[in-house]
Structure formats: structure tokens, C-alpha cells
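Asker: Sending over a structure as C-alpha cells; questions will come in a sec.
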Amino acid sequence: MVKTETITIKTNGNCDVIDMTEHVNTAVVQSDIRAGTVTLFNIGSTAGITTTEYEPGLANYDIKAAFEKIAPEHARYAHEQTWHDDNGHAHVRASLLGPSLSVPIVDGRLTLGTWQQIILVDFDTRPRTRTIMCQIIGD
Amino acid sequence: MVKTETITIKTNGNCDVIDMTEHVNTAVVQSDIRAGTVTLFNIGSTAGITTTEYEPGLANYDIKAAFEKIAPEHARYAHEQTWHDDNGHAHVRASLLGPSLSVPIVDGRLTLGTWQQIILVDFDTRPRTRTIMCQIIGD
Amino acid sequence: MVKTETITIKTNGNCDVIDMTEHVNTAVVQSDIRAGTVTLFNIGSTAGITTTEYEPGLANYDIKAAFEKIAPEHARYAHEQTWHDDNGHAHVRASLLGPSLSVPIVDGRLTLGTWQQIILVDFDTRPRTRTIMCQIIGD
């Protein structure tokens, strides 16, 4: 059985870290799938998906600092010379983090840890409305 | 068909890199699934899963050095001010590496390369007993 | 239904970024699967898979620069002392990027963004012929 939903999330961009666990939980419950895998996939190339303990320190500071070290916002990017825009760092960060995440479902529930939430990280330089595919395959 | 197992692994923390390929192989063989995808998912937010050539240089030194560069153990983390603990770097590293990995199964076998092993990297600052979901979907 | 194909790609190594979207599109169309998930998996431990906007700036310069910062080509790697070779950085980069990517299929099409392509990044230090598993599960 394959059930596909889209999740829509408004972000502030600029490394905004958003807890999307409840959106995914809702899709899992509504799917009636008891055992299977949910695949999350961000449509677009300036945001990514992973998990973290969603608390203000990590969400607002620490994750941002790590990406600023890997691909600084104000470094020079050839991408920006191609398009004359300002989000080269956003593209590089998103490619590194990756757009997809797979989470098993057991007994109709996501197998996340207690302090483990599913997050969208939006690296773009302006507020965006993101569409995330949420596809569940199972029985 | 969906088959789900849990894999339990004891680690030393501190960027311990553990070859979990045989655990996954065993689950694949026992599942009797000949064609499908195995999804591995680490429960918890201070460890991640990927592949590498499992040899002492990469496992004990090189992977650790790269993560120390990205998120140094002794830098300041807002996470540590939230909880008064010492594992901010572990959370950041785990979010970057990601908790999940998907590997196709063909003819009842994982499609890994000869020098490619599935590894758990435990970034926490103390020994942990990890639970990894191992879910196989296929025929 | 499970359909598995192999995709073969010749690379130049050295952080060569290759757009493999059309290969995956072809496999999806030929599978006749209308709703499901495609799992891509690079066999081998010196290349990885992700998505990006495939344009010359990102593909030829910016992604390379980020990986050169994380795991510089000419740093010292314990891996190179184990095998007396020169690709320690390639292994570290590939483990960080990860070998697998999952993309949902809806109405027989990959749910990629308009400016989002599936890329193979080959970190090895010489031209390689890569085999990528392309496995589609769905209805």
C-alpha cells in the first residue's frame, strides 16, 4: 500500500529549523498503515531534512553555526555569478544535508526517540513556503 | 511484505565507528525477502548511520577528524546552556550525518561494494547501548 | 512491486558532479510504477548521492569548495597509511554525504523541484565507472 501526502510549511529562511514531526505523525495516523516506511522529501534545492533534539539551543544557534562554518553565508560562490543572486551557501548546505529522510513505522507509530524530532532546515535567504512529500509504503 | 527487526549495539561513544554490516546481513537473510529495500534508522539524536570502507585508519582517525573540524568537541554550544550537559557537538554532528540509510537488496543480498560497510557513528560523550530499527520492505 | 535497475556512469573523479536525473527518470518510466519510492544507492565508498540545482557554478566550483574545506585533499589521512594510497579525503567526504537517496514517485513521475537534479559526486582521485542501484517499490 502506498499513501502520499504533501506537507506545507512556511519558513523564515536563513537556516530556520522547523519541527515537522506533528505533520508527519498526522500523515502516518491518517494512512492507517501499521508497519512500513515513511519517506520525506523536500522539493527544492535550498532546504534539507534530518532529525535533532528540538530545543532552542540546537534549533536557533548550534546547527546554524555548524553550517556557517561549512559554507559561510558571505563567502564567494560561483553560483551567485551564474544567477546574480545571493544564495550560493544555501544550495551548498542543502546538498550536504540532503533532501530525504526515511523513518520506519511500527504499530502505526514513527520509531523516533523521545528527544528526536524530524526537522526541516531552510537555508534560503528569504521566507519560503515549502512543500515536502510524505510517502508511506507498508501494510 | 514488511519485516522489522531491532539491532542493539553497545558503543564507547566519542565518535566510535562501529561496523554493523553483519547485523543487517543477518536480518536480511532471516527476512526471506529476495528483492527490496532495507531502511536503517538510529533511534536517538546523537548518533548517525552511513557507509565507509571499514579499516582502522578511517574508523579510528579520519572520520573523527572531519567531525572535529565541523563541530569541535570543546566549542561553545547553546544546547549545553539549555541542559547543562556536554554533548552539543554530538547533536550537531548527528544531525549533519543523518539517522537513516537505505540499501537495496537483490537476490537476497545487500548491494554493498566489497570495501563498503554499514557503520553506526556514536557521537555521544559516554558509552551507549543503541537501538537501530532495521526494516525491510519487498518480495 | 519491486523493480531494480543498475545505472552505470563514467566519471572523472576528483569531485566530479554528475547529473543522473535522466537515468533515474528512464528507470521510473520503464518500471510502470505510478506511486512509490525510488531508492538510489552508490556501490562503493568514495562517491555519494544528493540533489542540487545543476548549473556550472555549483557543479564545478561551490560543492567542491565545501568538501575541500571539510576534508582537504592534501591533509594527512590515517587511511593512506593503511593502504599507501591517496584517497583518504575521498572516503571521508563520501561517508559524510552518504551513498543513498530516496525520492517519491507520484503519477509516474519523480517529485523533484524544477531546479533540483539528482547528482552523483565522485570523490575518488581517478576516473571511475560507477554502478548505482536504482530500486523502485510501489504500485
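The values are calculated or read from the model by the stated rules, or taken from the named source; none is laboratory data. Because the structure is a prediction, the values reported are computed rather than measured. Positions of Cβ are backbone-derived with ideal geometry, glycine not excepted, and every protein chain shown enters the neighbour counts. With ligands, DNA and RNA removed, areas are computed over all heavy atoms of the protein, side chains included. Shrake-Rupley method; radii C 1.70, N 1.55, O 1.52, S 1.80 Å.
Asker: 7 Å along Cα→Cβ for the label point: how many nanometres lie between C:Gly113 and each equivalent label in the other copies, listed shortest first?
Answerer: Output for C:Gly113: 2.9, 2.9 nm, nearest copy listed first.
Asker: Please give the per residue accessible area of region B:47-139, computed with a probe of 1.4 Å over protein heavy atoms only, in Å².
Answerer: I get 37 Å² per residue for region B:47-139.
Asker: Something else about it: Return the inverse of the average 1/r over all pairs of distinct C-alpha atoms in the protein assembly as shown, which is the Kirkwood hydrodynamic radius, in Å to one decimal.
Answerer: After inverting the mean inverse Cα-Cα distance, the result is 20.9 Å.
Asker: Separate question: Considering the options A:Gly36, C:Pro104, C:Phe67, tell which one lies farthest towards the positive end of the dipole of the protein assembly as shown, charges being +1 on Lys and Arg and -1 on Asp and Glu at the Cβ, about the Cα centre.
Answerer: The Cα lying farthest towards the positive end belongs to A:Gly36.
Asker: Can you pull out the GluC sites (Glu not before Pro) in region C:10-96 that DSSP calls coil and that have at most 10 other Cβ atoms within 10 Å?
Answerer: Sparse-neighbourhood loop GluC sites (Glu not before Pro): none present.
Asker: Taking amide H positions as placed 1.01 Å from N in the peptide plane, with prolines and chain starts having none, which residues 5 or more places from B:Ile119, or on another chain, fall under 5 Å of its amide H?
Answerer: Amide H neighbours of B:Ile119, under 5 Å, 5+ apart: B:Met20, B:Thr50, B:Thr51, B:Thr52.
Asker: Quick one: Cα centre-to-centre distance for region C:27-58 and region B:28-60, in angstrom?
Answerer: 19
Asker: Output the residues of region C:1-20 meeting this criterion: accessible area (heavy atoms, 1.4 Å probe) in the chain alone minus accessible area with all protein chains in place is 30 Å² or greater.
Answerer: Relative to the lone chain, where solvent access is computed with a 1.4 Å probe, region C:1-20 loses at least 30 Å² at C:Val2.
Asker: Could you tell me whether region B:6-45 comes out rounded, prolate or oblate from its Cα gyration tensor? Rule is a ≥ b ≥ c as square roots of the eigenvalues, rounded for a/c under 1.5, then prolate if a/b exceeds b/c, otherwise oblate.
Answerer: Cα axes put region B:6-45 in the prolate bin.
Asker: Calculate the mean, over all residues of peptide A:46-56, of how many other protein chain Cβ atoms lie within 10 angstrom of the residue's Cβ. Intermediate values should be presented prior to the final figure.
Answerer: Details: counts 5, 0, 5, 2, 9, 12, 9, 10, 1, 5, 4.
What the average comes to for A:46-56 is 6.
Asker: Shortest first and in nm to one decimal, what separations exist between B:Pro127 and its copies in the other chains, measuring from label points 7 Å along the Cα-to-beta-carbon line?
Answerer: Copy-to-copy label distances for B:Pro127: 5.1, 5.2 nm.
Asker: Lys/Arg Cβ at +1, Asp/Glu Cβ at -1, dipole of the protein assembly as shown taken about the Cα centre: which of A:Gly138, B:Thr129, C:Thr131 is farthest positive-ward?
Answerer: Working it through, the farthest residue towards the positive pole turns out to be A:Gly138.
Asker: Moving on. Would you mind giving the mean number of other chain beta-carbons within 10 Å of the Cβ of each residue in A:126-137, as a whole number?
Answerer: For this peptide, the per-residue mean of nearby foreign Cβ atoms is 3.
Asker: Continuing with this model, one more query. Tell me the total accessible area that B and A bury against each other, 1.4 angstrom probe, in square angstrom rounded to 100.
Answerer: That pair of chains buries around 2300 Å² in total.
Asker: Measure off, as a whole percent, the carbon and sulfur share of the 1.4 Å-probe accessible area of region A:1-137, all protein chains present.
Answerer: 49
Asker: Please work out the FRET efficiency for the pair C:Lys69 and C:Arg34, using the Cβ-Cβ distance as r and a Förster radius of 41 Å; give the result to the nearest 0.05.
Answerer: In this case the efficiency is close to 0.45.
Asker: Name the residues of region A:95-117 whose accessible area falls by at least 50 Å² when all protein chains are present instead of the chain alone, probe 1.4 Å?
Answerer: By number: A:Ser95, A:Leu96, A:Ser102, A:Pro104, A:Thr111, A:Gln116.
Asker: Further, regarding this structure: Which loop chymotrypsin sites (Phe, Trp or Tyr not before Pro) in region C:47-77, with loop taken from DSSP, have no more than 12 other Cβ atoms within 10 angstrom of their Cβ? Don't skip to the answer; put the middle values down first.
Answerer: On the way: sites: C:Tyr54, C:Tyr61, C:Phe67, C:Tyr77; in loops: C:Tyr54, C:Tyr77.
Sites meeting the loop and neighbour criteria: none at all.
Asker: Treating the beta-carbon of each Lys and Arg as +1 and of each Asp and Glu as -1, no other charges, what is the dipole magnitude of region A:30-139 about its Cα centre, to the nearest 20 debye?
Answerer: Charge dipole of region A:30-139: 100 debye, to the nearest 20.
Asker: To continue, here is another question. If packing is taken as the average count of other Cβ atoms within 10 Å, what order do B:95-103, A:84-92 fall into, highest mean first?
Answerer: By packing density, highest mean first, the sequence is B:95-103, A:84-92.
Asker: Using only the alpha-carbon atoms of chain B, report the extent along each of the three principal axes, biggest first, to the nearest angstrom.
Answerer: Principal extents (Cα only, largest first): 49, 30, 21 Å.
Asker: If you don't mind, there's one more thing I want to ask. With the label 7 angstrom out along Cα to Cβ, how close does A:Pro72 come to the same site in each of the other copies, in nm, nearest first?
Answerer: In ascending order, 1.5, 1.5 nm.
Asker: Further question: Quick check on my link table: of B:Lys64/C:Lys64; A:Lys10/B:Lys3; B:Lys10/C:Lys64; B:Lys10/B:Lys64, which ones sit more than 27 Å apart, alpha carbon to alpha carbon?
Answerer: Long pairs (Cα-Cα over 27 Å): A:Lys10/B:Lys3; B:Lys10/C:Lys64.
Asker: Report, as an integer, the average count of C-beta atoms from other chains found within 10 Å of each Cβ along A:84-90.
Answerer: Values: counts 0, 0, 0, 1, 5, 2, 0.
Per residue, the number of nearby Cβ atoms from other chains is 1 on average.
Asker: With charges set only on the Cβ (+1 for Lys and Arg, -1 for Asp and Glu), what does the dipole of the protein assembly as shown come to about its Cα centre, in debye to the nearest 20?
Answerer: Once rounded to the nearest 20, the dipole reads 240 debye.
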